[in-house]
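Following: one structure in structure tokens, then a few remarks.
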There are 2 protein chains.
Amino acid sequence: MTFPTVGVIGAGQLARMMAVPANDLGINLVVLADSAKDSAAQICSHVVGDYRNIEAVLAFAKGCDVITFEHELIPQPVIKELERQGVKVYPRSESFIYSQNKIQMRKKMDELGLPNPKWQVFDGGGTEIAFPLIAKTPSGGYDGRGVYVVDSLAQLSELHKQIGVPLLIEEKLKFDYEISVMVARSPHGQAATWSPTLTVQTDGICTSTVTPVPHLSKELLVRSQEIALAIASGISLVGVMAVEIFVVGEILVINELALRPHNSGHWSIEGSVTSQFEQHLRAILDLPLGSTQMRSRWAVMGNILGAEKADMYRPFLHLMARTPALKFHHYRKDVRPGRKIGHVTLLGDDLLELEEEIGHAVDYLSGAIDE
Amino acid sequence: MTFPTVGVIGAGQLARMMAVPANDLGINLVVLADSAKDSAAQICSHVVGDYRNIEAVLAFAKGCDVITFEHELIPQPVIKELERQGVKVYPRSESFIYSQNKIQMRKKMDELGLPNPKWQVFDGGGTEIAFPLIAKTPSGGYDGRGVYVVDSLAQLSELHKQIGVPLLIEEKLKFDYEISVMVARSPHGQAATWSPTLTVQTDGICTSTVTPVPHLSKELLVRSQEIALAIASGISLVGVMAVEIFVVGEILVINELALRPHNSGHWSIEGSVTSQFEQHLRAILDLPLGSTQMRSRWAVMGNILGAEKADMYRPFLHLMARTPALKFHHYRKDVRPGRKIGHVTLLGDDLLELEEEIGHAVDYLSGAIDE
């Protein structure tokens, strides 16, 4: 037995952040990148290749002890072929499908007796769900992409015609807020959750998170973790997963699943004894999971979205002086409007102060506050 | 202004651990390695070259905005030539000399009015210091190498003849314990210390540390930090430095300086808001220093020393299950007896429990406890 090699398909910021605990643990990490300029490829051993190409992925996998993913775009036939050839792949194709296909996910949640919103597949014809409703493309959407608010049957039919595949339609919930529960599970069934996280969305993109969720009752806190654990077990998850949940009064409704490290878990890098990235590695290697205890009362994370400011280095001069405890994570991606190019995290006891400092940092980095 | 490139001369575990905050901050890091198999070279952009060769170092420096060191072996003429050619090098040669030459260091401490043991240079002849005394080669020693306990003048003269250079001789103190104060300072003079650390030595090698130092009086705690800050300012330090200090009753005596991240500061990776590695980068880039607040009441670190066990991966199965909060750092160096090949850290409130768990982990990793 020696230190294994983990192959990550995808080389964005999630793979980049996975490299840190890999280095600490002594685990070799190699990423399959679209380009040597990809966020993770800049700092990791990497192979440039097309994740949709079975031959390329098989060649990549030859040098690895286990394969995992940092995004949902890898075609099922590619994953299944890896499995057929005996490559260890986590999460497994039959689990990963619930991250890739929202209709399959809804069916599975029903089967597991877990709380879905009202939903149906729309492939023309009528709908039993009242307008306005939410229509989603089954695959490929994230950060609000592929999600539509639809006001009428005519609009829905038009959208369906444009997109050309059956749509998932769901009731439009008047939710109080949206939370995320990160959960990890290993092949032999050990599972662990972190404290639930409040995710603050702006135009469908998560802009900040607060952990634990303020004002969440003990009952809902426990219930949300039970749901995450039930899904993890029910879909035979291996790795980490984000379960996004709507809180509607005293009711919890599952929104989406992401079977990978997730933006809503970034706070765990500093805020938890074991980060989601380390836990993902432990899980896919079938190592005992680490403690998910928080290192502080509160952890607040703010996403840095690309805006007008192109230089992300110079702001250190102000922000490090103002907030000496602020932790920066720059992904070294080209700055494009609305693109997640980094995040900042702050831990502490005074939630209002943390939110203020994170808000200031994010505004300053985006240029919303002038220098 | 864009993200700068830091060049580190040396590619051991210190450079490897410096890569983590560099990646987080978005700073490019490249190491000058003896071999592509060096600890840091395995996971970093690297150039293979001889740090004693001025041409090689100058070529390496061409691609960097600032040059720093992870060991003391770089010849002064090499550093001075970099400086002469306008390369930004931190620490500066005139500061770094105190890390490289123990006689120069003693002179400087006297000059600064800081507490030295009784010392003199021995170049034959007699000595005013009583035997047994400590004799040290002025340069090149660490982890107990180059340090001798000498019982008589005859033995000292013999040693002097063997080594062939003037020796530093010091009184052999009956100290209660040895502590280390890490301190950082930036070019414009901002300085910060961390909580003093108890360093437990076995055969001259640091085997574990406890932070903060248990039972250290508030007065000595403050005094030790004052000494570290006075040295940092007095030698115009840029970067981080370990000040090793003997505690003799209520008296503090300076033992050694190391102008680089140091084993006694490894606890800060998890235990402090800003680790020594991140702080070193901030300092040499003249960025505002980060908070050195501790993340927990206690931080205990244990060094993994190479022993009979060759496989450092398999022990994860036991240790991660036993101590889910234990943090591992493997340097991926070949296992050789007595060589530092990794370390483990544990944070918490109960010092006895932390020491027990770290002790167990270290014993298990070395094979002292059978599986």
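Scanning segment B:217-227 for residues that are touching a residue at least 40 places away in the same chain (Cβ under 8 Å) and under 10 Å from residue B:196 (Cα atoms) yields a total of 2.
Number of residues in segment B:10-54 that are part of a strand (DSSP E or B) and either within 30 Å of residue A:343 (Cα to Cα) or not β-branched (Val, Ile, Thr) (or both) equals 8.
Hey, any hits in segment B:56-65 for a residue that's within 14 Å of chain A (Cβ to nearest Cβ), touching a residue at least 60 places away in the same chain (Cβ under 8 Å) and not aromatic (Phe, Trp, Tyr)? Within segment B:56-65, one or more residues are within 14 Å of chain A (Cβ to nearest Cβ), touching a residue at least 60 places away in the same chain (Cβ under 8 Å) and not aromatic (Phe, Trp, Tyr).
The set of residues from segment B:83-121 being touching a helix residue (DSSP H, G or I) at 6+ places or on another chain (Cβ under 6 Å) and of a type in the set (Phe, Trp, Tyr) comprises B:90, B:98, B:119.
The residues of segment A:314-355 that are assigned to a helix (DSSP H, G or I), free of Cβ contacts under 8 Å to residues at least 40 places away in the same chain and not hydrophobic (A, V, I, L, M, F, W, C), listed by number, are A:322, A:353. Of all the listed residues (A:65, A:38, A:50), the sole one being charged (D, E, K, R), crowded, with 20+ Cβ neighbours inside 10 Å and not assigned by TED's automatic domain parsing to the domain that holds residue A:151 is A:38.
Per the listing A:49, A:63, A:113, the residue uniquely under 23 Å from residue A:184 (Cβ atoms) and of a type outside the set (Lys, Arg) is A:113. I'd like to know if segment B:278-292 contains one or more residues that are of a type in the set (Ser, Thr, Tyr) and more than 21 Å from residue A:287 (Cβ to Cβ). Yes, that holds for at least one residue. The set of residues in segment A:260-301 being of a type in the set (Ser, Thr, Tyr) and either touching a strand residue (DSSP E or B) at 6+ places or on another chain (Cβ under 9 Å) or under 19 Å from residue A:9 (Cα atoms) (or both) consists of A:264, A:268, A:272, A:274, A:291, A:292, A:296.
Flag set for residue A:337, criterion: surrounded by fewer than 17 Cβ atoms within 10 Å (Cβ to Cβ) and more than 8 Å from chain B (Cβ to nearest Cβ). Taking the listed residues A:269, A:245, the one that is touching a residue at least 24 places away in the same chain (Cβ under 8 Å), within 17 Å of the chain's Cα centre (by Cα) and in a strand (DSSP E or B) is A:245, with no other qualifying. Could you tell me whether any residue of segment B:191-203 is in the same structural domain as residue B:360 (by TED's automatic domain parsing), closer than 23 Å to residue B:360 by Cα, surrounded by 16 or more Cβ atoms within 10 Å (Cβ to Cβ) and touching a residue at least 40 places away in the same chain (Cβ under 8 Å)? Checking segment B:191-203: at least one residue is in the same structural domain as residue B:360 (by TED's automatic domain parsing), closer than 23 Å to residue B:360 by Cα, surrounded by 16 or more Cβ atoms within 10 Å (Cβ to Cβ) and touching a residue at least 40 places away in the same chain (Cβ under 8 Å). Tallying residues that are part of a loop (DSSP other than H, G, I, E, B) and either within 29 Å of residue A:329 (Cβ to Cβ) or not assigned by TED's automatic domain parsing to the domain that holds residue A:197 (or both) within segment A:208-221 yields 5. Among the residues of segment B:190-203, the ones that are modelled with pLDDT under 95 and either under 14 Å from the mean Cα position of the chain (by Cα) or under 19 Å from residue B:252 (Cα atoms) (or both) come to 1 in all.
For residue A:346, the test of being buried (at least 22 other Cβ atoms within 10 Å of the Cβ) and more than 17 Å from the chain's Cα centre (by Cα) is passed. Filtering B:257, B:281 for residues that are part of a helix (DSSP H, G or I), crowded, with 23+ Cβ neighbours inside 10 Å, more than 9 Å from chain A (Cβ to nearest Cβ) and hydrophobic (A, V, I, L, M, F, W, C) leaves a single hit, B:281. Within segment A:146-158, track down each residue that is modelled with pLDDT of 95 or more and either in contact with a Cys (Cβ under 7 Å, 6 or more places away or on another chain) or outside any strand (DSSP E or B) (or both). If the condition is that a residue be modelled with pLDDT of 95 or more and either in contact with a Cys (Cβ under 7 Å, 6 or more places away or on another chain) or outside any strand (DSSP E or B) (or both), then A:151, A:152, A:153, A:154, A:155, A:156, A:157, A:158 are the ones that fit.
Any residue at all in segment B:314-321 that's assigned by TED's automatic domain parsing to the domain that holds residue B:204 and closer than 20 Å to residue B:179 by Cα? The answer is no, given that none of the residues of segment B:314-321 is assigned by TED's automatic domain parsing to the domain that holds residue B:204 and closer than 20 Å to residue B:179 by Cα. Among the residues of segment B:284-298, is there at least one that is in contact (Cβ under 8 Å) with a residue 60 or more places away in the chain, under 16 Å from residue B:208 (Cβ atoms) and within 14 Å of chain A (Cβ to nearest Cβ)? For segment B:284-298, residues in contact (Cβ under 8 Å) with a residue 60 or more places away in the chain, under 16 Å from residue B:208 (Cβ atoms) and within 14 Å of chain A (Cβ to nearest Cβ): present. Scanning segment A:78-137 for residues that are more than 19 Å from the chain's Cα centre (by Cα) and within 30 Å of residue A:59 (Cα to Cα) turns up A:78, A:79, A:80, A:81, A:82, A:83, A:84, A:85, A:86, A:87, A:88.
Screening A:150, A:165, A:181 for residues that are under 21 Å from residue A:252 (Cα atoms) and either in contact (Cβ under 8 Å) with a residue 12 or more places away in the chain or not assigned by TED's automatic domain parsing to the domain that holds residue A:297 (or both) leaves exactly one candidate, A:181. Among the residues of segment B:300-324, those that are among the hydrophobic types (A, V, I, L, M, F, W, C) and either in contact with a Cys (Cβ under 6 Å, 6 or more places away or on another chain) or within 12 Å of chain A (Cβ to nearest Cβ) (or both) comprise B:304, B:310, B:312, B:316, B:317, B:319, B:320, B:321. Selection over segment A:260-278 of residues that are out of contact with any Pro (no Cβ under 8 Å at 6 or more places or on another chain) and at the interface with chain B (Cβ under 9 Å from one of its Cβ atoms) gives a count of 2.
Among the conditions (1) facing chain B (nearest Cβ under 10 Å); (2) over 24 Å from residue B:269 (Cβ atoms), residue A:352 misses just one, which is (1).
Within segment A:95-145, restricting attention to residues that are assigned to a helix (DSSP H, G or I) and of a type in the set (Lys, Arg), the residue that is surrounded by the fewest Cβ atoms within 10 Å (Cβ to Cβ) is A:107. Of the candidates A:38, A:50, A:24, A:34, the single residue that is within 19 Å of the chain's Cα centre (by Cα) and of a type in the set (Asp, Glu) is A:38.
Restricting segment A:1-24 to residues that are surrounded by 21 or more Cβ atoms within 10 Å (Cβ to Cβ) and free of Cβ contacts under 8 Å to residues at least 40 places away in the same chain, the residue that is farthest from the other protein chains (Cβ to nearest Cβ) is A:19.
Of the residues B:224, B:236, B:291, the single one that is hydroxyl-bearing (Ser, Thr, Tyr), outside any strand (DSSP E or B) and crowded, with 18+ Cβ neighbours inside 10 Å is B:224.
The values are calculated or read from the model by the stated rules, or taken from the named source; none is laboratory data. On a predicted model such as this, the values are computed, not experimentally measured, just so you know. Virtual Cβ from ideal backbone geometry, glycine too; neighbours counted across all protein chains shown.
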